[in-house]
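A quick write-up on the structure given underneath.
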Amino acid sequence: MADHRVTPAQAVNLSGLFFERVARTPEAIAYRQYDPGCQDWIDTTWGDMAYEVGRIQAAMRRDGLEAGDRIAMMLKNAREWVLFDQAALGLGLVTVPLYTDDRPQNVAKIIKETGARLLVVDGRRQWRGLEAVSDGFETLKHIITLAPVDVEDGAKDKHLESFADWTFGARGEPVRLEADGQTLASIVYTSGTAGRAKGVMLTHSNMLENAFACSKVASITGDDLFLSFLPLSHTLERTGGYYLPMICGSTVAFARSAQQLGEDLGIIKPTLLISVPRVYERVYDRIGSALKKKGAFAQALFERTVSVGTARFERAQGRDGSAIKAAFWPLFDRLVAAKLRERLGGRLRYAICGGAPLSPELATVFTGIGVPVLQGYGLTEASPVVSVNRPDDNRPETIGTVLEGVEVRLGEHDELLVKSAGVMQGYWKNEEATAAAIDANGWLHTGDQAAIDEDGHIRITGRIKDIIVMANGEKVPPAAMESAIGLDPLIDQVLVLGEGQHQLAALVVVEPEAFAGLMREFDMDPEDPETLVDRFVERLVLKRVNARLEDFPGYAQIRRVKILTQPWTIEDGLMTPTQKLKRPLIEKEHAEDIAELFAGR
């Protein structure tokens with residue numbers, strides 16, 4: 001049977017990948033997205049995509065854009081993201097993805113640093129947010145908005161033009177890039193949990209080779225349907241949720257929003273999902289809340305289902321699992337597991353999890369109910385996937401084994417080092433940072449501490465810069481502790497603290513409904529600010545926090561907590577688009593609270 005995938009040799013570059021896919025399956029459905037105008041989901045074929053790419057390329061050439069010029073894209077996940085990306089790549093332009101919720105000052109900084117000639121935004125809301133920093137857009141020839149331009153906005157900035165006006169009269173056959181894969185394709189700014197964001201330079205081959213290696217992890221075909229909701233500006237979604245489906249000929253549906261994800265899962269019924277742990281945590285919390293309302297019997301039935309499902313999973317993996325227990329799976333699947341899987345659409349063949357560590361408890365729950373979670377690991381500088389679990393070799397407590405063509409080894413302090421065709425060219429206009437990240441022998445230094453098992457499975461054990469060193473010299477991994485604490489339905493977000501201190505403390509953002517329910521049990525007002533600083537309430541929350549840390553050493557226990565009700569968000573700059581907390585910025589924001597935690601009372 002012929003291989004249905006487009007190989008790197010056939011594609012040569014990312015533009016060639018698109019052309020090969022169009023040539024092979026022009027009438028197949030490429031993308032599905034919701035149209036608010038007709039209030040329905042609309043399909044677009046590969047042939048339709050090629051026509052639109054040709055129009056955009058004609059407009060780009062009319063604007064005088066030349067190979068090597070940079071274009072910035074501040075777009076939500078939609079077929080338009082793909083259209084502009086492919087139009088640019090076909091002309092040898094370099095795309096600079098921007099997060100739709102990024103701060104205007106950061107956007108202006110990136111545009112200035114890259115010298116972008118074109119900026120594409122979704123609509124008026126984004127432009128109004130950027131208006132205050134538009135004086136820094138000297139290099140831009142045009143700012144294109146997908147929505148119509150308001151007369152007032154157009155008068156304020158002569159560079160602003162609607163997509164309809166910009167492409168008016170533009171016609172032409174789509175152009176394929178005639179260059180090798182070593183050509184620069186994109187400058188991707190790391191969202192960064194600490195320090196200044198850096199522009200990662202990725203070539204066509206970097207992302208193409210990485211996506212093709214991912215296609216060998218599991219069988220993915222034209223019958224598969226991806227649901228895309230992680231930002232395409234993030235390389236995990238771009239490589240795994242855009243280039244990978246294109247290689248395999250799969251359809252991609254774009255979720256309407258993160259808030260509507262649950263509803264979209266039921267409508268789209270995807271077969272593949274790329275997600276971050278936070279999504280699974282929220283699903284788990286909803287399951288826990290529903291079970292609590294149903295009572296002890298429902299909770300016991302759920303726990304038994306997970307236990308039976310885990311035994312079945314372990315046996316399927318060729319490991320020790322109780323045959324007797326596994327035999328009861330059809331019953332528990334019908335009673336419980338199948339109904340829970342329906343919340344994720346009911347058709348998931350694979351659920352890929354990356355971007356942050358997935359707690360072992362969560363992994364056990366989801367594999368136990370029959371959701372095949374494949375945890376992996378990567379970073380933007382590696383395009384991004386380094387390792388992932390395989391369907392037939394899945395150890396959820398690990399980040400799997402390396403992709404084909406990827407080498408890893410442990411360096412000083414057990415730092416994970418990576419070498420592959422996906423490793424970046426370097427950081428844009430930052431030779432010092434490039435030299436610090438890639439050593440003389442070509443090894444990329446990830447900054448993550450790891451252990452490599454005899455069978456090749458990798459476990460991340462900590463972050464070199466994120467390890468908390470207490471005053472007594474004990475070292476604790478805050479990310480692992482935060483992941484464990486976050487499994488309590490009462491806890492929405494948590495940040496463990498204690499660098500240089502004699503004890504650990506934490507900032508805890510409580511889940512509003514769960515906190516209100518707990519306070520009602522003690523006849524206390526959850527809305528009263530005094531409740532949040534009440535010593536009795538702190539002890540209640542502290543007890544819940546430490547109950548999740550039983551598997552950690554005795555010194556890794558939280559002694560004080562500061563209860564907060566306002567979550568840290570992407571919009572306020574305290575969380576990355578992949579739901580990682582920006583520790584230094586949060587610590588700065590709550591400097592007084594932290595000082596009080598360690599000052600005692």
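Bear in mind that the values in this text are calculations on the coordinates, not laboratory data. Remember, it's a predicted structure, so these values are computed and weren't measured experimentally. Here the Cβ positions follow ideal geometry from the backbone for every residue, glycine too, while neighbour counts run over all protein chains shown.
Quick notes
- Long-range amide H partners of Gln501 with built H, under 5 Å: Ala471
- Projecting the Cα atoms of Val386, Pro330, Ile558 onto the dipole axis of the chain, where Lys and Arg carry +1 and Asp and Glu carry -1 at the beta carbon, places Pro330 farthest toward the positive end.
- Footprinting exposure proxy for Lys76, Lys141 (fewest neighbouring C-beta atoms within 10 Å first): Lys141, Lys76
- For segment 8-272: rounded, prolate or oblate by the Cα gyration tensor [a/c cutoff 1.5]: rounded
- Protection proxy ranking of 541-548, 523-530, 183-190, by the mean of other Cβ atoms within 10 Å over each peptide's residues and highest first, is 183-190, 541-548, 523-530.
- Set of lysines with alpha-carbon distance to Lys109 below 17 Å, sequence-local pairs under 8 removed: Lys141, Lys198, Lys429
- Couplings 3J(HN,Hα) of segment 349-362, computed from phi: 8, 9, 10, 8, 10, x, x, 6, x, 8, 5, x, 5, 5 Hz, in residue order, whole Hz [Karplus 6.51 cos²θ - 1.76 cosθ + 1.60, θ = phi - 60°; x for Gly and Pro].
- Residue-span extension gain [Asn441 to Lys543] - 0.36 nm each, minus C-alpha spacing: 31.8 nm
- Summary value for the chain: 11 percent relative contact order, contacts being C-alpha pairs under 8 angstrom separated by 6+ residues.
- DSSP finds beta bridges in segment 67-204, and of those with both partners inside it, around 25 percent are antiparallel.
- Efficiency of FRET between Glu571 and Ala327 - r from beta-carbon atoms, R0 56 angstrom, step 0.05: 0.65
- Only one item in (i) 0.99; (ii) 1.41; (iii) 1.26 matches Cα Rg over 2.2 N^0.38 Å derived from the coordinates shown, and that item is (i).
- Here segment 491-601 is assigned +1 on the Cβ of each Lys and Arg and -1 on the Cβ of each Asp and Glu. Its dipole about the Cα centre then comes out at about 580 debye.
- 222 nm mean residue ellipticity, helices alone, for the chain (DSSP H n ≥ 4; -39,500 (n - 2.57); rounded to 500): -10000 deg cm²/dmol
- Within the chain, antiparallel bridges make up roughly 55 percent of the DSSP beta bridges whose residues both belong there.
- Anisotropy class of segment 234-324 from Cα gyration tensor, a/c 1.5 cut: oblate
- Annotation: amide H of Thr446 within the under-5 Å range of Leu416, Val418, sequence separation 5 or more or interchain, hydrogens built in the peptide plane.
- Cα-based Lys pair tally, segment 468-599, threshold under 21 Å, eight or more apart or on separate chains: 6
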